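Please find one structure pasted underneath; my questions will follow.
The values are calculated or read from the model by the stated rules, or taken from the named source; none is laboratory data. Remember, it's a predicted structure, so these values are computed and weren't measured experimentally. Please note: Cβ atoms are built from the backbone with ideal geometry, for glycine as well, and neighbour counts cover all protein chains shown. Just so you know, the surface numbers come from the protein's heavy atoms only, side chains and all, with ligands and any DNA or RNA stripped out. Shrake-Rupley method; radii C 1.70, N 1.55, O 1.52, S 1.80 Å.
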Amino acid sequence: EQSRDVPRKTLNRVVRFTADAARQTLDPASEKLILEVPQPFVNHNGGHLAFGDDGYLYVGLGDGGALGDPQNNAQDVTNLLGSILRLDIDTPDDGPPYAIPPDNPFADPDTFPRARPEIYAYGLRNPWRFSFDHRRRGGNGRLWAADVGHERHEEVNLIVKGGNYGWRIREGLAPFRGDETPNPPTKLIPPVVDHHRRDAGSITGGYVYHGRRNPLLEGAYVYGDYLTGKLFLLRLDSGRVREHLHFASVPQPVSFGLDRRGELYVCSFDGRLYTLRPPKR
């Protein structure tokens with residue numbers, strides 16, 4: 001994260017394959033390129049995909065790397081970096097790989113002639129895992145994202161259409177090195193939670209829990225921190241934090257997943273997959 005000798009040149013690619021559900025395999029010959037995004041550095045490249053309740057594909061991209069977003073990519077809506085994209089990939093096989101949802105915030109070329117219409121939200125440093133609280137599971141459709149901080153702050157955001165989450169003007173709730181850009185493209189949206197590095201050092205986004213095994217977690221957003229191993233739960237009430245606490249620990253949580261029943265799993269960098277069980281009484 002802090003090296004000044006970050007090699008240049010890397011690439012984000014979004015591709016699709018045809019699956020054989022019965023065999024649980026992919027056909028390598030069916031690969032189709034959806035999107036390719038050059039990255040100026042090898043760190044802060046994001047790398048998460050999810051479908052929303054609207055059927056569109058959401059793609060998370062970091063600011064492009066190095067230290068302090070030196071190219072100011074995250075506040076520049078003429079490029080895709082430092083953003084969450086929203087794409088319609090339900091297109092004909094012989095047509096373009098994706099279309100722009102007509103209600104994307106920058107979809108109108110007359111109003112935003114230079115902005116990238118793929119952008120759904122921006123001002124993110126490195127959104128390391130985002131997820132929807134899907135309505136089919138009993139959720140409210142909200143989009144949650146954990147954004148990895150630079151030096152002092154980690155943050156959890158509720159992502160909304162057209163939202164600007166502040167990087168590199170702000171890191172968490174604090175000005176970033178005094179860099180108060182006078183005219184950001186849109187008003188900045190503060191994080192739901194701002195972790196100082198005393199509490200978390202490299203945040204990993206999770207899911208809102210709607211399983212049956214852990215009723216005490218019902219409706220809570222569960223996420224973690226890679227460096228400390230802490231797992232947190234977070235509940236909101238009318239948009240404000242009602243409950244926020246460290247409730248468990250797992251070595252180096254790097255990602256989360258859900259099974260068909262909505263039970264939560266934690267991927268660890270130690271090569272293991274952990275699940276959460278209710279506390280013994």
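With a 1.4 Å probe and all protein chains left in place, how much of the accessible area of the chain comes from carbon and sulfur atoms, in whole percent?
Within the chain, the accessible surface is 50 percent carbon and sulfur.
For the stretch 121-167, I need the span (max minus min coordinate) of the C-alpha atoms along each principal axis, in Å, sorted largest to smallest.
Result for the stretch 121-167: principal-axis Cα extents of 38, 19, 11 Å.
Here's something else I'd like to know. State the number of lysine pairs found in the chain whose Cα atoms come within less than 28 Å, restricting to pairs 8 or more positions apart or on distinct chains.
4
I would also like to ask the following. Quick check: with the 1.4 Å probe, what order do 89, 119 take by accessible area, largest first?
The most accessible residue leads, giving 89, 119.
Pairs of Cα atoms under 8 Å, at least six residues apart: use those to get the relative contact order of the chain, whole percent.
After rounding, I find 11 percent.
What are the trypsin sites (Lys or Arg not before Pro) within the stretch 92-140 that DSSP puts in a loop, where the Cβ has at most 14 other Cβ atoms within 10 Å?
114
In whole Hz, with x marking every Gly and Pro, tabulate ³J(HN,Hα) for the stretch 86-97 from phi via Karplus 6.51 cos²θ - 1.76 cosθ + 1.60, θ = phi - 60°.
Whole-Hz 3J(HN,Hα) from phi for the stretch 86-97: 9, 10, 9, 9, 8, 10, x, 4, 9, x, x, x.
Here's a follow-up. Report the accessible area of residue 111, computed with a 1.4 Å probe over the heavy atoms of all protein chains in place, in Å² rounded to the nearest 10.
Spelled out: residue 111, probe radius 1.4 Å, area about 80 Å².
What are the ³J(HN,Hα) couplings of the stretch 215-224, residue after residue, when phi is run through the Karplus curve with 6.51, -1.76, 1.60 and θ = phi - 60°? Round to Hz, x for glycine and proline.
Whole-Hz 3J(HN,Hα) from phi for the stretch 215-224: x, 5, 9, 3, x, 8, 7, 10, 8, x.
Right, next: State in Å² the accessible area per residue of the chain; use a 1.4 Å probe, count heavy atoms of protein chains only, and round to the nearest integer.
52
Quick one: 3J(HN,Hα) in Hz for the stretch 137-147, Karplus 6.51/-1.76/1.60 with θ = phi - 60°, rounded, Gly and Pro as x.
Taking θ as phi minus 60°, the curve returns 9, x, x, 10, x, 5, 9, 9, 9, 9, 10 Hz for the stretch 137-147.
Determine, at each q value in 0.12, 0.20, 0.21, 0.24 (inverse angstroms), the log₁₀ of I(q)/I(0) that the Debye formula gives when each Cα of the stretch 226-281 is one equal point scatterer.
Those come out to -0.34, -0.85, -0.91, -1.04, one per q.
Within 10 Å of each candidate Cβ there may be at most 14 other Cβ atoms; applying that plus a DSSP loop requirement, which GluC sites (Glu not before Pro) in the stretch 142-214 survive?
Sparse-neighbourhood loop GluC sites (Glu not before Pro): 151, 180.
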